[in-house]
Amino acid sequence: MRTPIFQIDAFTTRRFAGNPAAVMPMNSFLEDPLLQAIAAENNLAETAFLIPEGGDYRLRWFTPTTEVPLCGHATLASAAVVMERLEPGRSSVVFHSASGPLTVSRTNTGYVMDFPVRLSEPVSTPAGLAEALGIVPIEVFVNAFNYMAVLESPQVLRDLVPDMTALARMDRSGVIVTAPGDGIYDFVSRYFAPAKGIPEDPVTGAAHCMLAPYWAKRLGKTEFRAFPASRRGGENICRVVRNRVELEGACVFYLEGEVEI
């Protein structure tokens, strides 16, 4: 069988920046081992598979090694595929997912996603984290998904060269590092998830569901310009709205074609 594939750079306005995602619309989901094999073959941080469901879509996300319960940049990319290619002119779409319904709406400059907030609590620095990062964090927070290490400056964050093997042994599947922003950004961050087959994810929307409520409390505001300080870089706007987080960004199409399965 042949099925369409799109590769999109998300959370950016230019190619070769942001976070690339594959988006593959289908009539129905294939067997899970085959979806996982396709994601491994694509070898991107995320491959999104979507199928029509009434007037909405059902959406699933796979890294090269596992299925994940939430992914921001591949949801943004999926919305671009729906609104620019599958149903041109459509202004919003609802994706039904493992994290509940996710609404994405068109804006003047891109798309805005409505995601669940991921609250966290402070903890003592867990064993092995400082050694894996190569630096002692100022603070550490945790929830069911990730550790978040707060660093003293954006330059310290940019210079970080973690031990990925050690990070993969932590008892959370991902580690966010964050620091105050410089220039026009309120905060900067990076995201490491070697346990999920992603050593460093260039721009991680789901991480901002944890970052945004932390910085809202620290800065006393609810809207932020955020810069994921990976090698590729990226940009998004975050808003905390009650128990939800709005993530706004742009997408650029890079590849459109078909795969044979």
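The values are calculated or read from the model by the stated rules, or taken from the named source; none is laboratory data. Only a predicted model underlies this, so the values are computations on that prediction, with no experimental measurement involved. Neighbour counts are summed over all protein chains in view; Cβ atoms, including those assigned to glycine, are modelled from backbone coordinates with ideal geometry. Note: accessible area is taken over every heavy atom of the protein model, side chains too, but ligands, DNA and RNA are not part of it. Shrake-Rupley method; radii C 1.70, N 1.55, O 1.52, S 1.80 Å.
With respect to (1) touching a helix residue (DSSP H, G or I) at 6+ places or on another chain (Cβ under 9 Å); (2) surrounded by fewer than 21 Cβ atoms within 10 Å (Cβ to Cβ), the lone exception for R158 is condition (1). So which of L34, L44, L70, L30 ends up being under 13 Å from the mean Cα position of the chain (by Cα), farther than 22 Å from S92 by Cβ and in contact (Cβ under 8 Å) with a residue 24 or more places away in the chain? From the options L34, L44, L70, L30, the qualifying one is L44. Could you tell me whether R169 is under 13 Å from A132 (Cα atoms) and among the charged types (D, E, K, R)? Criteria met by R169. Would you be able to say whether some residue in the stretch 30-52 is modelled with pLDDT under 95, farther than 22 Å from F115 by Cα and out of contact with any Ser or Thr (no Cβ under 7 Å at 6 or more places or on another chain)? No: zero hits. Number of residues in the stretch 161-185 that are surrounded by fewer than 19 Cβ atoms within 10 Å (Cβ to Cβ), in a helix (DSSP H, G or I) and either among the hydroxyl-bearing types (S, T, Y) or within 20 Å of the chain's Cα centre (by Cα) (or both) equals 3. Answer yes if at least one residue in the stretch 88-103 is within 30 Å of V136 (Cα to Cα) and in contact with a Ser or Thr (Cβ under 8 Å, 6 or more places away or on another chain), and no otherwise. Among the residues of the stretch 88-103, not one is within 30 Å of V136 (Cα to Cα) and in contact with a Ser or Thr (Cβ under 8 Å, 6 or more places away or on another chain), which makes the answer no.
Screening L211 with (1) closer than 14 Å to V188 by Cα; (2) open to solvent by 50 Å² or more (accessible area, probe 1.4 Å); (3) not in a strand (DSSP E or B) gives one miss only, at (2). Right, V94: of a type in the set (A, V, I, L, M) and either closer than 28 Å to R169 by Cβ or in contact (Cβ under 8 Å) with a residue 40 or more places away in the chain (or both) or not? Spelling it out, it is not the case that V94 is of a type in the set (A, V, I, L, M) and either closer than 28 Å to R169 by Cβ or in contact (Cβ under 8 Å) with a residue 40 or more places away in the chain (or both).
Matching residues to (1) under 24 Å from R106 (Cβ atoms); (2) crowded, with 18+ Cβ neighbours inside 10 Å:
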| residue | (1), (2) |
| --- | --- |
| A193 | no, yes |
| T204 | yes, yes |
| A216 | no, yes |
| E223 | yes, no |
| I261 | no, no |
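Within the stretch 149-169, residues that are within 15 Å of A229 (Cα to Cα) sit with their Cβ atoms under 9 Å from residues that are open to solvent by 90 Å² or more (accessible area, probe 1.4 Å) and assigned to a loop (DSSP other than H, G, I, E, B), at 6+ positions apart or across chains, in these pairs: A149/I138; V150/I138; L151/I138; E152/I138. Note on the stretch 229-259: among residues that are outside any loop (DSSP other than H, G, I, E, B), among the aliphatic types (A, V, I, L, M) and under 14 Å from the mean Cα position of the chain (by Cα), the one that is surrounded by the fewest Cβ atoms within 10 Å (Cβ to Cβ) is I237. Looking across the stretch 111-143 at every residue that is open to solvent by 80 Å² or more (accessible area, probe 1.4 Å), free of Cβ contacts under 8 Å to residues at least 24 places away in the same chain and hydrophobic (A, V, I, L, M, F, W, C), the one that is nearest to R239 (Cα to Cα) is identified as I138. Within the option set L59, L86, being more than 18 Å from A207 (Cα to Cα), hydrophobic (A, V, I, L, M, F, W, C) and crowded, with 24+ Cβ neighbours inside 10 Å holds for one residue only, L59.
Does A212 count as touching a Cys at 6+ places or on another chain (Cβ under 6 Å) and not basic (K, R)? For A212, the condition - touching a Cys at 6+ places or on another chain (Cβ under 6 Å) and not basic (K, R) - is met. Based on this model, can you work out whether E41 counts as open to solvent by 70 Å² or more (accessible area, probe 1.4 Å) and either farther than 21 Å from T103 by Cα or not in a strand (DSSP E or B) (or both)? For E41, the condition - open to solvent by 70 Å² or more (accessible area, probe 1.4 Å) and either farther than 21 Å from T103 by Cα or not in a strand (DSSP E or B) (or both) - is met.
Rundown of residues vs (1) of a type outside the set (V, I, T); (2) in contact with a Ser or Thr (Cβ under 9 Å, 6 or more places away or on another chain); (3) closer than 17 Å to A149 by Cα, yes/no style:
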position	(1), (2), (3)
V161	no, no, yes
A166	yes, no, yes
P194	yes, yes, yes
V252	no, yes, no
